[in-house]
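*Asks:* To start, I am sharing the structure in question, which I have written as structure tokens.
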Amino acid sequence: MERIKDALKRIKDTIYMLFYILLCLMLANVTQQGGSEKVVTSPVQMIDYNNDLVPAVRDDKYRTTYEIFVYSFCDSNGDGIGDINGIRNKLDYISGMGFDQLWLTPVHPSATYHKYDVDDYYAIDPTFGTLEDYEALLAECHERGIRVLMDLVLNHTSDTHPWFQAAADYLRKLPSDQDPVFEDCPYVWYYTFSREPYDGFVPLEGTNWYYEARFWSEMPDLNLGNEVVRDEVTNIMSYWLGKGVDGFRLDAVTSFVTGNPEANIEFLRFLTDTGRSINPDCYLVGEAWTDRASIATLYTSGIDSLFDFPFADSEGIIRNVMNGSYAASDYVKAMTAAEAAYGEANPDYVGAPFYTNHDMGRSAGYYALDDGPVTKMAYALSLFMPGNSFVYYGEEIGMKGSGKDENKRAPMYWSDDANAEGMCVGPADMDDVQMKFPSLEVQMTDDLSLWRWFTEVIKVRRAFPAIARGVTEPVDAVSDGSVAAFIRRSEGDEAVLVVMNLRDQATAKDLSVVGSSLRLAAVLGTNEESITYENGSLSLPAYSIAVLTF
């Protein structure tokens, strides 16, 4: 009997031991998250920690925008050239990343691959598809809550545009001693012609006339002060807004009238007023490749947004912060300075942060020795700026491309297989661009990939509306050379504290100076180390971000 009791006791002890081991394994597979528990599915903390975050519902002009260079994005018909139906095929991919607005580079007929020299403002280039394709794209985007911006190029047309052709033909037939007559050919006044070879003017072949063409001889500048031209612009805007376009990206707004900032402001005001008179929700963002003070001056026009160029490109604020030339705290100071300058000029402005675009070398090439973390954090700096944030296609997978323009517009790297569905061949004069990071299909299987990072950053950005819509308050007691800390507040939204470790060493920060009721609400990490917050102390691994709520 005693042997039986001993055997039963051993079985019981074994059962207890197995239960204890099982319990330990279960507890080891749980992570604490602001008081709630979640089952861990990835060694990368942010994947599980942010899992329950959902986009806040906001139907306004504060979006997260994906810029598509149409020629190189996605081919739907096998000719190697990106097209509108290719974009339609990738809407699930785009919306799945969290983007809720598209900016398409010009889609109008043009002889060039980039289409910035327009032949017809009322049509779609046949290479890209049909008007019906474009209308279908608009409809499908709107079904997904995605707005669409059309690239509106008004500084110039193509020299093959019917307006310029009519003016040129008239001047070639006009006797050399006679002046043009408006009633005979009003198109002469659509452009700026002169018998004097002024700076920025080129000769009109077969005549003694010259015309203004600041960008290229095949891009004659429009005379935007002419009321007849403005009537044409009004008609163009009305046509596309009527089709369902949600707004316009305005090309080269500092060059509308060369050397005349006041005239540029006046024309921007005309465009803004015109767009809103047609559709009160019309959104306008302008390309003003200039300094902060000049951008602020342009904001007095009342335009919604102007791209914040001082933060962008290989010599901008973000690059200088990430390469150590500037302190992490300088990023916060630069944001507050920009917000103050732009807000004073236009209290209703919507910031337009971005890091790269189709005219700039791609950001993965800015950090030669980086294998991912620096590139990731740099783009997070842009996405954590307030306003309507813009991301150039391919940046989410770290594509490369620099030097001549064609290289900056290389085909979207969907797959290692050049013959895979959707792959484009790229511009004809593009060099062989060697990519630094894997293709999208590879990155989608890796929780530490650039693609995953972008998806998580955008998820956090959209889950906390104050990030995009709030005003930045520096937290000087926490910020330093390595750490950027700021509070973002917006009316009606939960305020957030953002703390970023922008260097390659882990750090800890005492947040008791900010508040005693902080809760760790979201985390973003570039490695498998975890962010922790306990008793007012925040521990940040290298290159990581914590978002806390009050």
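*Asks:* May I ask you to list the residues in the stretch 350-369 that are surrounded by fewer than 21 Cβ atoms within 10 Å (Cβ to Cβ) and either among the charged types (D, E, K, R) or on the phi > 0 side of the Ramachandran plot (or both)?
*Replies:* Matches in the stretch 350-369: Asp359 only.
*Asks:* Given the criteria in contact (Cβ under 8 Å) with a residue 40 or more places away in the chain, in a loop (DSSP other than H, G, I, E, B), closer than 21 Å to Ser544 by Cα and acidic (Asp, Glu), does Asp446 qualify?
*Replies:* Judged against the criteria, Asp446 is not a match.
*Asks:* Just name the residue that is most open to solvent (accessible area, probe 1.4 Å) out of those in the stretch 468-505 that are outside any strand (DSSP E or B) and under 19 Å from Lys376 (Cβ atoms).
*Replies:* Gln505
*Asks:* Would you check if Ser544 is touching a Ser or Thr at 6+ places or on another chain (Cβ under 9 Å), at pLDDT 95 or above, buried (at least 23 other Cβ atoms within 10 Å of the Cβ) and not hydrophobic (A, V, I, L, M, F, W, C)?
*Replies:* Spelling it out, Ser544 is indeed touching a Ser or Thr at 6+ places or on another chain (Cβ under 9 Å), at pLDDT 95 or above, buried (at least 23 other Cβ atoms within 10 Å of the Cβ) and not hydrophobic (A, V, I, L, M, F, W, C).
*Asks:* Right, next: Which ones in the stretch 99-126 are within 19 Å of the chain's Cα centre (by Cα) and open to solvent by less than 10 Å² (accessible area, probe 1.4 Å)?
*Replies:* Passing the criteria: Phe99, Gln101, Leu102, Trp103, Leu104, Thr105, Pro106, Val107.
*Asks:* Give me the residue from the stretch 308-349 that is of a type in the set (Asp, Glu) and not in a helix (DSSP H, G or I) and, out of that set, most open to solvent (accessible area, probe 1.4 Å).
*Replies:* Residue satisfying both the conditions and the ranking: Glu315.
*Asks:* Would you say Thr526 is of a type in the set (Val, Ile, Thr), within 23 Å of the chain's Cα centre (by Cα) and within 26 Å of Val44 (Cα to Cα)?
*Replies:* Yes; evaluated as a whole, the condition is true for this residue.
*Asks:* Another question, then. List the strands (runs of 3 or more DSSP E) inside the stretch 184-274, counting only whole elements, that have at least 1 residues being aliphatic (A, V, I, L, M) and in contact with a Leu (Cβ under 7 Å, 6 or more places away or on another chain).
*Replies:* Answer list for the stretch 184-274: 247-250.
*Asks:* Kindly indicate whether Glu456 is at pLDDT 95 or above and more than 20 Å from the chain's Cα centre (by Cα).
*Replies:* The answer is no for Glu456.
*Asks:* Give me a count of the residues in the stretch 289-310 that are touching an Asp or Glu at 6+ places or on another chain (Cβ under 9 Å) and not β-branched (Val, Ile, Thr).
*Replies:* Adding up the residues that qualify gives 11.
*Asks:* Tell me, yes or no, whether the stretch 201-217 has at least one residue that is within 16 Å of His108 (Cβ to Cβ), open to solvent by 50 Å² or more (accessible area, probe 1.4 Å) and in contact (Cβ under 8 Å) with a residue 24 or more places away in the chain.
*Replies:* No, the stretch 201-217 has no match at all.
*Asks:* Within the stretch 138-151, can you find the residues that are surrounded by fewer than 23 Cβ atoms within 10 Å (Cβ to Cβ) and of a type in the set (A, V, I, L, M)?
*Replies:* Of everything in the stretch 138-151, those that are surrounded by fewer than 23 Cβ atoms within 10 Å (Cβ to Cβ) and of a type in the set (A, V, I, L, M) turn out to be Leu138, Ala139, Ile146, Val148.
*Asks:* Collect the residues in the stretch 252-270 that are without any contact (Cβ under 8 Å) to a residue 40 or more places away in the chain and aliphatic (A, V, I, L, M), keeping them in residue-number order.
*Replies:* Within the stretch 252-270, Val257, Ala263, Ile265, Leu268 qualify.
*Asks:* For the stretch 82-90, check the following and say yes or no: at least one residue is on the phi > 0 side of the Ramachandran plot and open to solvent by 10 Å² or more (accessible area, probe 1.4 Å).
*Replies:* No, that holds for no residue.
*Asks:* Continuing with this model, one more query. If you scan the stretch 57-81, which residues turn out to be open to solvent by 10 Å² or more (accessible area, probe 1.4 Å), in a loop (DSSP other than H, G, I, E, B) and over 22 Å from Gly145 (Cβ atoms)?
*Replies:* If the condition is that a residue be open to solvent by 10 Å² or more (accessible area, probe 1.4 Å), in a loop (DSSP other than H, G, I, E, B) and over 22 Å from Gly145 (Cβ atoms), then Asp75, Ser76, Asn77, Gly78, Asp79, Ile81 are the ones that fit.
*Asks:* Could I ask something else about it? Quick check: is even one residue across the stretch 286-303 closer than 22 Å to Tyr239 by Cβ, over 16 Å from the mean Cα position of the chain (by Cα) and crowded, with 22+ Cβ neighbours inside 10 Å?
*Replies:* yes
*Asks:* Any residue in the stretch 522-544 that's under 15 Å from Met377 (Cα atoms): show its pairings with residues that are hydroxyl-bearing (Ser, Thr, Tyr) and open to solvent by less than 10 Å² (accessible area, probe 1.4 Å) at Cβ separation under 9 Å, as long as the two are six or more apart or on different chains.
*Replies:* Note: pairs meeting the criteria are Val523/Ser544; Leu524/Ser544; Gly525/Ser544; Thr526/Ser544; Asn527/Ser544.
*Asks:* Just one of (1) open to solvent by less than 10 Å² (accessible area, probe 1.4 Å); (2) under 22 Å from Glu528 (Cβ atoms); (3) not charged (D, E, K, R) trips up Val374, so point out which.
*Replies:* Among (1) open to solvent by less than 10 Å² (accessible area, probe 1.4 Å); (2) under 22 Å from Glu528 (Cβ atoms); (3) not charged (D, E, K, R), Val374 violates only (1).
*Asks:* For the stretch 152-182, enumerate the residues that are within 34 Å of the chain's Cα centre (by Cα), surrounded by fewer than 19 Cβ atoms within 10 Å (Cβ to Cβ) and assigned to a helix (DSSP H, G or I).
*Replies:* Listed by number, the list holds a single entry, Pro162.
*Asks:* Which of (1) closer than 21 Å to Leu102 by Cβ; (2) part of a loop (DSSP other than H, G, I, E, B); (3) open to solvent by 10 Å² or more (accessible area, probe 1.4 Å) does Met399 not meet, given it meets every other one?
*Replies:* Status for Met399: all satisfied but (3).
The values are calculated or read from the model by the stated rules, or taken from the named source; none is laboratory data. All of these numbers come straight from a predicted model, not from anything done at the bench. We place every Cβ from the backbone using ideal geometry, glycine too, and count neighbours over all the protein chains shown. Ligands, DNA and RNA are excluded from the accessible area calculation, which covers all protein heavy atoms including side chains. Shrake-Rupley method; radii C 1.70, N 1.55, O 1.52, S 1.80 Å.
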